[in-house]
Amino acid sequence: MEAARFEAYEYFNQKIRPLPKLKNGKINVNANGLDDNDIDAFRHAYVSGVFTQEYGETAANILGLMNEFDLAGTFSNSISPRSRNMDLWNNRVGRKYGKKTKGKKTLLKLIHQALKNGELIIDLKDTREFTGVKNPPKDLLKPIIAVSETETGRNETYYDILKRRFMSRDELLTSIRDGSYPGYSIKIIRGIDTPVSKRDKKRINNIG
């Protein structure tokens, strides 16, 4: 989602205020002053919204959580509890608007309006607290989320959040059969072999 990151910066630079530039005129995405403020908030919300548009709300949530705990993550600088709270809050706002539209241009405008309305946290001193799920799935037996489906609603593409790789349904089925994913089993649904999560009480562990 590197493209979404740059789209957020480009929009912010054109519609909100100028951002630091390199000598070649391009936005300097590594410049100081892009973190823990309105720029950071806008970027997080937009990228999370794009995740939601492309992969669905559940997948976007889990991908966002994984990134917050990856210090080398492209989209996160969560090095303190307040910074992480800010990012998780803004990610959730982004998911809300990502569900409302399929177009990126409209999403950018919605996130901009959310910024104007004060929906985003843009300052670490903001006392609002994120109250949703704050940690990525801890069950290493269930690292799979569905990220795309067919027109009939059947899951088609999957993502392993630990190995950070995408798989087709057939690839996942093969891996389940050879014992690579003991947290999952295979059921025949409408005559087709389908990967399913072995039952537990954690909704976040279920395949999308």
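So for the chain, what percent of the C-alpha to C-alpha distances run longer than 21 Å?
55
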Using the Karplus curve 6.51 cos²θ - 1.76 cosθ + 1.60 with θ = phi - 60°, work out ³J(HN,Hα) for each residue of region 108-125 in order, rounded to whole Hz, and write x for Gly and Pro. 4, 5, 5, 5, 4, 5, 4, 5, 5, 7, x, 6, 8, 8, 10, 9, 5, 7
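Determine the relative contact order of the chain: mean sequence separation of Cα pairs under 8 Å and six or more apart, normalised by residue count, in whole percent.
Details: 308 pairs, mean separation 36.4, N = 208.
That works out to 18 percent.
As a quick test, which of the pairs K100/K134; K104/K163; K104/K134; K15/K104; K96/K125 have an alpha carbon distance above 18 angstrom in this structure?
K100/K134; K104/K163; K104/K134; K96/K125
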Along the Cα-to-Cβ line of E149, 7 Å from the Cα, sits a label point; which residues in region 12-54 have backbone N less than 17 Å from it? 52-54
In whole Å, what are the Cα extents of region 144-205 along the three principal axes, biggest one first? 28, 25, 22
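Readers should treat all values here as calculations from the given coordinates under stated rules, not as data from a laboratory. All figures in this text were calculated on a predicted structure; none of them were measured in a lab. Quick reminder, even Gly has a Cβ in these numbers, built from the backbone with ideal geometry, and neighbours come from all protein chains shown.
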